[in-house]
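Only one structure is covered here, and it is reproduced in the block below.
The values are calculated or read from the model by the stated rules, or taken from the named source; none is laboratory data. Since the structure is predicted, the reported quantities are computational estimates derived from the model, not experimental observations. Using ideal geometry, Cβ is built from the backbone for each residue, glycine included, and neighbour counts are taken over all protein chains shown. Only protein heavy atoms, including side chains, enter the accessible area calculation; ligands, DNA and RNA are left aside. Shrake-Rupley method; radii C 1.70, N 1.55, O 1.52, S 1.80 Å.
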Amino acid sequence: MAFQLSDGTPIPIDSAFSIGTINYPANWLRLSTAEEKTAAGIVEVADPIIHDSRFYHFDGTPKSLDDVNSTDKDGNLVKNADGSQHITYGLKTQFKKEEKQTAAGLLSRYDWLVVRKAEKGTAIPAEITTFRDAVRTACNTREAEIDACSDTAALVELYKSTKQEDNTYKPNMTQYPNDPNIQVL
């Protein structure tokens, strides 16, 4: 809950404040009755909605899902130094880039085995090959799930988890496989 004067001036909770010549202690809003607040000219208002900055601008408007051509304040297209069109990347492009980085990080732990196979012909353990294939598949699936979102609200839901009957939470998005953590020599 939040409070403000009838003129819209916000009054912070747990902070001392003044109205005209009357000073109120920090705990007054918590201890006063609704009638006392009304008599002082204080109204209760809904808490401001805090939007996830990954998906929404500070003012609560959703960020663009799709890439757009960048424009200046006059609406003119902005060009890169090489003369190509400058692009402002949308959420889908940004999140898919993050997925590629995540997959690359998961794969990199075992890249040395691929190099060893190329140089020496030493077989890559099946568990590692299976894991690496599963990482690539999960990344592709996650990118498709991102692309399938028709609006920002759908993308937000994709990145959440759903409560199950057993009170556990299941991610709405396909998950990456667990690292096999096998010792390879």
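Amide H to amide H, with H built 1.01 Å from N, PHE3 comes under 5 Å of ILE11, VAL45, counting only residues 5 or more places away or on other chains. Among the chymotrypsin sites (Phe, Trp or Tyr not before Pro) within region 44-84, which fall in a DSSP loop and have no more than 15 other Cβ atoms within 10 Å of their own Cβ? Taking region 44-84 and a limit of 15 other Cβ atoms within 10 Å, the loop chymotrypsin sites (Phe, Trp or Tyr not before Pro) found are PHE58. Taken over the Cα atoms of region 93-184, the convex hull encloses 110 Å³ per residue. For region 78-185, GluC sites (Glu not before Pro) are listed when DSSP marks them as loop and at most 15 other Cβ atoms sit within 10 Å of their Cβ; the list is GLU165. Net charge of the neighbourhood of LEU158, taken over other residues with C-beta under 10 Å away and scored Lys/Arg +1, Asp/Glu -1, is 0. Loop-located trypsin sites (Lys or Arg not before Pro) in region 1-62 (DSSP state other than H, G, I, E, B) with a sparse environment of at most 16 neighbouring Cβ atoms within 10 Å: ARG54. For TYR24, the residues 5 or more places off, or on other chains, whose built amide H falls under 5 Å of its own are PHE17, SER18, ILE19. Each eigenvalue of the Cα gyration tensor of region 54-97, multiplied by 5 and square-rooted, gives one semi-axis; in descending order these are 22, 15, 7 Å.
Please report, largest first and rounded to whole Å, the three semi-axes of the ellipsoid equivalent to region 4-104, where each semi-axis is the square root of five times an eigenvalue of the C-alpha gyration tensor.
48, 18, 11
Pairs of C-alpha atoms in region 89-141 farther apart than 14 Å represent 58 percent of all such pairs.
In this label model, VAL68 and ALA16 are separated by 4.8 nm, measuring between points 7 Å along each Cα→Cβ vector.
Per the Kirkwood formula applied to alpha carbons, region 143-185 shows a radius of gyration over Rh ratio, Rg over Rh, of 1.18.
Convex hull volume of the C-alpha atoms in region 1-60, normalised per residue: 94 Å³.
Find the centroid of the Cα atoms in region 8-59 and in region 131-185, then give the distance between the two in whole Å. So the two Cα centres are separated by 41 Å.
In the chain, Rg over Rh equals 1.20, where Rg is the alpha-carbon radius of gyration and Rh the Kirkwood radius from pairwise Cα distances.
Annotation: per residue accessible area for region 8-72 equals 71 Å², rounded to a whole number [probe 1.4 Å, protein chains only]. Simple rule: put +1 on each Lys or Arg Cβ and -1 on each Asp or Glu Cβ in region 58-185, find the dipole, and look at SER150, GLN175, THR71; the Cα lying farthest toward the positive end is GLN175.
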